[in-house]
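Some notes on the structure that comes next.
The values are calculated or read from the model by the stated rules, or taken from the named source; none is laboratory data. Just so it is clear, the structure is predicted and the values come from calculations on it, not from any experiment. Here the Cβ positions follow ideal geometry from the backbone for every residue, glycine too, while neighbour counts run over all protein chains shown. Quick note on the areas: whole protein, heavy atoms, side chains included, nothing else; ligands and nucleic acids left out. Shrake-Rupley method; radii C 1.70, N 1.55, O 1.52, S 1.80 Å.
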Amino acid sequence: MIILKSYVCGEWREGDAPRQILIDPSTGAAVAEAGTGGVDMAAVVRYGREVGGPALREMTFAERGALLKTMSKVLYEAREELIAASILNAGTTRTDAKFDIDGATGTLAYYAGLGKSLGDRRFLVEGEGEQLTRSARFWGHHIKLPRRGVALHINAFNFPAWGLFEKAAVALLAGMPVVTKPATATALLAYRCMEKVVQSGGLPDGAMQLLCGSAGDLLEHVESQDVLAFTGSGSTGELLRGLKSVVAKSVRVNVEADSLNAAVLAEDIEVGSETYQMFIRDTAREVTQKTGQKCTAIRRIFLPEAVADRVAEDLGEEIAQVKIGAPGAEGARMGPLASEQQFNDVHAGLARLIEGGARPVWGSATEMDVVGRDGDVGYYVGPVLLRHDDPGAAEAVHSHEVFGPVATLLPYTSFGEVPGWVALGEGSLLTTLYTDDKKALGGMIAELAPYTGRLLVGSKKVADQSISPGIVLPSCVHGGPGRAGGGEELGGLRGLDFYMQRTAIQGDRAILDRVLEVRTSEG
Ligand code: NAP
C-alpha cells in the first residue's frame, strides 16, 4: 500500500506510524496510508518564512504568474493519472474527478494571466492616491506588499485538487509561501498533484510545502505575519479561529465553511418556460454533482406552493437521469460518498430533517440501483427530495447541512416571506434566483444579497448560456457571511489582499510617485 509522504523543508518525508488508512469509498478497501508523525511543524513554518518567502518576494508578479502557468500545465498533462487518483480515493465519477482537477488547472491559469498583466512589479499601488492637505505636494498612496510570514492552508475533503490550488494560486501570486494540508481522508489526489508540481522543477525551494496527515501542532507556531485560510466544517473553523496562538498574534484568518444554499423560484415563472427548465436543470445538477458533497450544492428550494408538486415531479425526473454507479462503470454519473463517516453523517442528517417536520417526496437514500457495484459494498446513497410545508418553522432545514444529495422543497404562498426564510440559513455561499420580472428584480437582489456571497440570477435570456451555479469562478468572490464562514476568497485581484499588507504611505508626491513607480492616467 502506498504511503503518502509530506513535502516539507525541501524533501519528501514519510510520517512515523501509526498512520491513517485511506480507502476507496466505492469498495471500502484500503488504498493508502498518511500521517505526519515526527514532522517538525515549527521547522516547516520556519522553512516557509525563511526560504520560500524571500525567494517568492524576489520574483516579479510576471515571474510568479509564469510559475502558476507551469503548475497548471504539468497538472493538465497529468490529468489522466490524477483522474485515476480521484476515482480511487474519493470515489468520484470521471466527470466529477475532472470537475475538481480542471477547477485547479483553470484557477492556476487564470491567476497566471493576472500575474502576466501585473508585469515586472513586486508590489501593488492602489489608484493614483489622494491629496492630503491644501498643498498639492503632500500626498497619500496605499501600497500592498506580501506579508512576511507563511500562508497556512487547511482544506476540506471534497475538492483535494481545486481546494488546494485555488488557495495556493492566490497566495503564490501575492508572494507568500504556502504550507498546505488537504483533508487526510482524500489526500491521495493532492499528493499526486504535488508530486507533479515538485517534479516540474520550477517551484522555488520552500514556496510550497504539503502535509499529508494531521496538522499536529502546526498552528501553535503561527506568527503575526502568517495567515490561515481554512475550508471545512463550521465547527472546525470556529475552533481554529479561536486558538490562543492565532488570537494572540492577530493572525489573519479566512474561513470557508458550511452553507445551506438556497434556490428561489419566483412567482412569475411559468411551469415549462425556459427559465423554469433552467431552474430544474441547475437544481438537479446542484443536488447530484459530486454526490451533493459540494459546498455550493443547493440544500433549500423556495418555490410557489401552487407548483410544488409539479416541481417535485420534474426535479425528480431530471435527477433520475443521473445514473448512480461505481466510478468506472459505464454511464455512471454519481458515485458514492467519500467515506464511511460521510455515509453515516448523511443518514443521520436526513433523519434529523425528517424529525424536524420534513417529509420525503421523491427518491430514497437506501433503495437505488447502482451500476457496476460489487455486492453491497461502497458508501452509496440515493438522492432524496424532502418537503417542509412550514418553512418559517423548519429549524433543522435552515440549520443542518446534510452533505450529500439531499434538498428540501419549501413552498411559499407570499413571496414577501421568502427573503426572511432564506436569511434563516444565517449566511450562504450561493443563492440562485429564477425570475423574468425585471421590475421586481432590484428589490429581490436587495433582500437576498446581504445573506449570500454570490447570487446567480437565472432568466430566459441566459437560460442557455449560464454555467453550473456551483462552479466557483476565480474572477468572482467565493465565500459567504455567517454560517458560510464570513470569508472571501478569489475574486480576481481582490483575493490577493488577504496575503498582502496594505500600508498608507504619506509624503512628497513627486518622490513617492517616482519610488512607487506610480503610473498616472496620463501615463
Ligand atoms: P472538517 O472535518 O472540518 O476538516 C477540514 C480540514 O480541517 C481537514 O483538513 C482536517 O484535517 C482539518 N482539521 C480538523 N481538525 C483540525 C484541527 N484541530 N487542527 C487543524 N486542522 C484540523 O471538514 P470536512 O469534513 O473535510 O469538510 C466538509 C465541510 O466542508 C462541509 O461542511 C462543507 O460545507 C465544507 N466546505 C466548505 C467549502 C467552502 O468553500 N465554503 C468548500 C468545501 C467544503 P483531517 O482531515 O486530517 O482531520
Exactly one of LEU189, LEU152, LEU173 is under 18 Å from TYR76 (Cβ atoms) and not basic (Lys, Arg), and that one is LEU189
VAL377 passes all but one of the listed conditions (1) outside any loop (DSSP other than H, G, I, E, B); (2) of a type in the set (A, V, I, L, M); (3) open to solvent by 40 Å² or more (accessible area, probe 1.4 Å); the exception is number (1)
Exactly one of ILE2, ILE23 is in contact (Cβ under 8 Å) with a residue 24 or more places away in the chain, surrounded by fewer than 16 Cβ atoms within 10 Å (Cβ to Cβ) and closer than 26 Å to ALA97 by Cβ, and that residue is ILE2
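Can you tell me which residue in the stretch 71-122 is farthest from the chain's Cα centre (by Cα), limited to those that are assigned to a loop (DSSP other than H, G, I, E, B) and buried (at least 17 other Cβ atoms within 10 Å of the Cβ)?
ALA78
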Only one of ALA394, ALA407, ALA358, ALA423 is closer than 26 Å to ALA484 by Cα, more than 16 Å from the ligand (Cβ to nearest atom) and within 26 Å of the chain's Cα centre (by Cα), namely ALA423
Reported set for the stretch 481-503 where residues are assigned to a loop (DSSP other than H, G, I, E, B) and more than 21 Å from LEU108 (Cβ to Cβ) is PRO481, GLY485, GLY486
Flagged pairs (Cβ under 8 angstrom, 6 or more apart or on separate chains; first in the stretch 347-362, closer than 20 Å to GLY316 by Cβ and in a helix (DSSP H, G or I); second among the polar types (S, T, N, Q) and open to solvent by less than 70 Å² (accessible area, probe 1.4 Å)) are LEU353/THR408
Within the stretch 175-221, residues being more than 10 Å from the ligand (Cβ to nearest atom), in a loop (DSSP other than H, G, I, E, B) and under 21 Å from VAL246 (Cα atoms) number 2
Exception for ALA449 within (1) in a helix (DSSP H, G or I); (2) touching a residue at least 60 places away in the same chain (Cβ under 8 Å); (3) under 25 Å from SER468 (Cβ atoms) falls at (2)
With criteria (1) under 17 Å from the mean Cα position of the chain (by Cα); (2) open to solvent by 40 Å² or more (accessible area, probe 1.4 Å); (3) of a type in the set (A, V, I, L, M); (4) not assigned by TED's automatic domain parsing to the domain that holds MET278, LEU455 comes up short on (4)
Restricting attention to the stretch 298-339, the residues that are within 16 Å of the ligand (Cβ to nearest atom) and at pLDDT below 95 number exactly 4
